[in-house]
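S.K.: Please find one structure pasted underneath; my questions will follow.
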Amino acid sequence: MALRKRSTVRRKKVSRASKKPRTTVRASIPQPSQKESVAARTRAPRSPTYARVTLHARVTAGRSNKRPTLGFFDPAKAIHAGNTAHFDVSYLSRLGRKGADLAQAILQTCERDYAALQAIFGGLTPGRLPFVVQITSDNSGASHSSCLRTDVMIGGNSGTSVDFIRSLLVAEVDELFMANFRFGWDCGANPCEGLSRVLANDL
């Protein structure tokens, strides 16, 4: 029996060099220089910037006038009513007799209220004393220029009761005690406003 010769078909190897090269397009990204890289690593992260309003106006009565409540009136238009150890009180001349009566009522009770607040806050003595109080002809409650400032404006027409006008001063004074107490109270925030009204009503 004759043996068949196995036919072998050799496949022609195609060299990789003969293949058509693929074209690859890569975006050219500029690399930072060594100095820029070091500066980027050592640069401190930027902290967020917040706008903080330090002007504070506490209003406890309805405001119907367009006059701003902050900023004292010209002293020439005010009458000095008197002073105590911690308070200096004046009123606008246009208030007439009513201004004089309110000022005297405040002068009679302000030191008693101050002593009561001082006892509540552990004997603390606020800075920037005395309190400079001006009774105006407004009906806008009471205000002071910032949490640590002792300039207080009281709207003499904010209520018909002398005790209510006195309580407006107490509310502003106790906010200054809070600010000096360093417990994190913000005189314009709700917790501080709430506590100031509670103390004003309690005294």
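S.K.: Under 5 Å between amide hydrogens, which residues at least 5 positions from Ala81 or on another chain qualify, with H placed 1.01 Å from N in the peptide plane?
M.R.: Result for Ala81 returns Val89, Ser90, Tyr91.
S.K.: Between Asn139 and Leu195, 0.36 nm times their residue separation minus their Cα-Cα distance comes to what?
M.R.: Details: separation 56, 0.36 × 56 = 20.16 nm, distance 2.23 nm.
Length difference between fully extended and current span is 17.9 nm.
S.K.: Another question, then. Between Ile79 and Phe181, with labels modelled 7 Å along Cα→Cβ, what's the label distance in nm to one decimal, could you check?
M.R.: Distance between label points: 3.7 nm.
S.K.: Tell me the Kirkwood radius of segment 75-202: reciprocal of the mean inverse pair distance over distinct alpha-carbon atoms, in Å. Walk me through the intermediate numbers first.
M.R.: On the way: mean 1/r = 0.0690 Å⁻¹.
So the Kirkwood estimate lands at 14.5 Å.
Rule-based calculations on the coordinates, nothing more; no lab input. Everything numeric here is computed off the predicted structure, so don't read it as measured data. With ideal geometry, Cβ positions are generated from the backbone for all residues, glycine too; neighbour counts draw on all protein chains shown.
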